[in-house]
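Everything below concerns the one structure shown next.
The values are calculated or read from the model by the stated rules, or taken from the named source; none is laboratory data. This is a predicted model, so every value here is computed, not measured. Every residue, glycine as well, gets a Cβ built from its backbone with ideal geometry; the counts of neighbours run over all protein chains shown.
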Amino acid sequence: MKILILTSARRPYYEIEIDFRQCLKACAVFIGVVIASYLVISSNIFSGFVDRELSASNRLIEDQLDARYRELQLR
């Protein structure tokens with residue numbers, strides 16, 4: 001496959017020749033980058049969600065322990 005790049009009417013055109021294998025390699029690299037980016041972004045989003053859930057449950061446990069401690073102090 002040949003790609004012709006025209007920069008102006010007075011200058012000669014640039015010609016880039018690409019064969020089928022190069023095109024497949026470029027597409028495979030592009031798809032790999034997209035998949036890797038998706039995995040990194042989704043893992044960061046998921047870990048943020050888990051951190052928020054853990055901090056909420058940790059606060060609940062701390063509140064329960066504080067209540068139990070106050071109860072024991074009153075005895």
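Numbers at a glance
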read-out	value
Every residue from segment 16-33 that is surrounded by 10 or more Cβ atoms within 10 Å (Cβ to Cβ), of a type outside the set (F, W, Y) and assigned to a helix (DSSP H, G or I)	Q22, C23, L24, K25, A26, C27, A28, V29, I31, G32, V33
Whichever residue in segment 1-15 is of a type in the set (D, E, K, R) and in a loop (DSSP other than H, G, I, E, B) and, among such residues, is surrounded by the most Cβ atoms within 10 Å (Cβ to Cβ)	R11
Candidate set: segment 14-36, residues that are modelled with pLDDT of 90 or more and either among the β-branched types (V, I, T) or touching a helix residue (DSSP H, G or I) at 6+ places or on another chain (Cβ under 9 Å) (or both); chosen: the one nearest to I3 (Cα to Cα)	V29
